[in-house]
Every structure is written in structure tokens, then in C-alpha cells.
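Engineer: Take a look at this one; I'll ask things after.
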């Protein structure tokens, strides 16, 4: 899939076929995540593959917008590691770029995916940390739910000329 | 360019030809930015096109890592608007996803680009706000410097299996 097409036609997909997502495919998605830019190339991230149904169901119950995890064949938890930062407080931007790369990779690989925010919601961070035994210096950041799509959505064009300014506000 | 290729071969490009980047091309990059996902589809962003040489030179002098702006034909300042948020404190993630889409779009369009962080550096935020008359509720977030590349870099594969965890830490 062409890059601009992927960017312009990507949508949040929350309904999935029961067809499994193989570890090879998840690995492609992780390659995309880890090739994101980061401040000073600090790469302050970790990725927890989630493909045990019982675990996905538990997270679905914890998170107000994660009901789709009950039916999702797989998800990846993106975490930020503050101890790996070269530039203070840039890890959120780095993990966001990784998350976006993963969404685009999913779309290009024929998967549907959605970005579920965890950070900065303290309660969610704590609950996910406890469930998955994430160490204190590592912060659960986002969950990318994924599966072969069981819903079709047209590209939604968000371009808005009123948001563009010319050499000053 | 294929999406996975774009993701895996994108590098930070800091040297540019003097060839101008037309407004049509910048518009394509902005389409990519505005099609990023955002929390609750809040789209809390603004974009300031910077292609006046004097202005780019001023920013190059303010910012410790922005010397390339002296020679860059264009740049876009990405800003976050806290007043447009539906979900508190998610605007940083939204603007990061927009910035990453713009970098990938630049690469796919044959441009070289680099992401210069502004937020959360207070001094930089203030200086850029003053220079461009950005209102108080809008936060200068990142600058995407761009131009036709005058340096070649091979794709750098950052995949690291030690960052991958299986259904728990």
C-alpha cells in the first residue's frame, strides 16, 4: 500500500474476524514501531505482545474504551522507559510516534487496528502495571488492538484549511 | 513508496538542496498531518507554514538543534490547542502522531525532513510563541524542517528483540 494512501485511508477498526494474527505479522508491526524517530534516537520503549484471550478480556474490563479487546486476536502494549531517556520528558512523543507507525503498518498489512490511550490516566497505568508485572520505571502508554477487519470504513479526510497559518498566527 | 518501506527507510535529513518546496507539496504534508488519529478524534492541532528565509533563520538561532533551518527551504510548526481537547492531556500524543505522519509523507514525497522538539522546553515555547504571535492557549509543539535532500542515508533498522515481551513483562 502506498504511504500516502495508508495515511489517508487509515481508520480506527474495532471489529475483528476470529482469524489469528500470527507472531510473524505482529513482528512486522513491531519493526514499524521500533523504527519510529525518537529524541536523540533514545528509543525509550518496550512492547508487550498480548494474545492470550484471558488477558485481553481482563484489560477489556479495566479500560472504559477497550471492549473490542474481548474479541481481538491480539494487541500490543507500548510502554515508555523513563530511565532510557536522553531528553527529559520526550518519551511520550517517542512512544506516540511508535504507536502511529504501528497503526500504519497494521493498515498496510491488511489488519485493522485502534490506539487505546493508557498514559496519563493514573488508574489505568496502575492496573495494567499490576496485571502484567511492569516494573516501576516503565510506564504503560498505549495499547494497539489489532485483527483482520470485520468492519469496513471509508477513508475520512480531516484536512481543514482553517488550521493552516502562513508564516505567523 | 510502499508504507513499510517508508517506515523502515525514513531517516532524519538535515541537509537540503536550495530547490524550493512548493505550497502544493507542503499541502500534501499537511493532509498527512491532519489525518493522524487523535483521542476521541479531537484534532487539537494547528500548523504554521514557515517558508520565509528570515523567519527560519531567527528560529535557527533560538533552537539548539535547529541549525539546518538556515538552509531549509521550508518548515512547518505543529501546535497543540489545549482548548480543543476532549480528553485532558492527550494533545501531546495527537500532535506527535501528526508529526510522524508528516515525516513519513515527506519521505514518500521525495523530501527529507527532521522533527525538532519544542514542547516541553518552556524557553523554546515562549520564544517561538513570541516570534510568531501564537495565542496563549496554543502551544508550539514541534517543527518539521523539510527540503529536497542533499544527503543520503541508508535505512537504519532499529528492531531489538530484547524490547519485546510475551504476555507479561
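Computed from the coordinates by the stated procedures, all read-outs in this text should not be read as laboratory data. Everything quoted here is computed from the prediction, not taken from an experiment. Cβ sites come from the backbone with ideal geometry, for glycine too, and all protein chains shown count toward neighbours.
Engineer: Give the order of B:62, A:124 when sorted by the count of other beta carbons within 10 angstrom, beginning with the fewest. Before the final figure, lay out the partial values.
Structural biologist: Details: B:62 16, A:124 20.
In increasing order of surrounding Cβ atoms, one gets B:62, A:124.
Engineer: Counting other beta carbons within 10 Å of each residue's own, what order do A:5, A:94, A:81 fall into, fewest first?
Structural biologist: A:5, A:81, A:94
Engineer: Additional query: In units of 2.2 N^0.38 Å, what is the alpha-carbon radius of gyration of the protein assembly as shown?
Structural biologist: Computed over Cα atoms of the protein assembly as shown, the ratio equals 0.95.
Engineer: In addition: So what is the calculated 222 nm ellipticity per residue for chain B, using -39500 (n - 2.57) for each DSSP H run with n of 4 or more, over all residues, to the nearest 500 deg cm²/dmol?
Structural biologist: Taken over chain B, the calculation gives -10500 deg cm²/dmol.
Engineer: Shifting gears a bit: Report the Cα centroid-to-centroid distance between region A:1-48 and region A:76-111 in angstrom, as an integer.
Structural biologist: For region A:1-48 versus region A:76-111, the Cα centre distance is 9 Å.
Engineer: Give me A:119, A:159 sorted ascending by neighbouring Cβ count inside 10 Å, so fewest comes first.
Structural biologist: The fewest-first ordering by Cβ neighbours comes to A:159, A:119.
Engineer: Mind checking the mean number of beta-carbon atoms from other chains within 10 Å of the Cβ atoms in A:48-59?
Structural biologist: Average neighbour count from other chains, rounded to a whole number: 2.
Engineer: Between A:131, A:104, A:17, which gets the highest mean-square fluctuation from a Gaussian network model of chain A, Cα cutoff 10 Å?
Structural biologist: A:131
Engineer: Okay, moving on. FRET efficiency for residue A:23 and residue A:123, Cβ-Cβ distance as r, R0 = 22 Å, nearest 0.05?
Structural biologist: 0.10
Engineer: On to the next question. Once you have the Cα-Cα distance between residue A:52 and residue A:89, take 0.36 nm times their residue separation minus that, and quote the gain in nm to one decimal. Intermediate values should be presented prior to the final figure.
Structural biologist: Numbers: separation 37, 0.36 × 37 = 13.32 nm, distance 3.22 nm.
Difference between extended and current length: 10.1 nm.
Engineer: Figure the gain on full extension for residue B:9 and residue B:82 (residue separation times 0.36 nm, minus the Cα-Cα span) and round it to one decimal in nm.
Structural biologist: 22.9 nm
Engineer: First measure r as the distance between the Cβ atoms of residue A:70 and residue A:150, then evaluate 1/(1 + (r/R0)^6) with R0 = 22 Å and state the FRET efficiency to the nearest 0.05.
Structural biologist: 0.95
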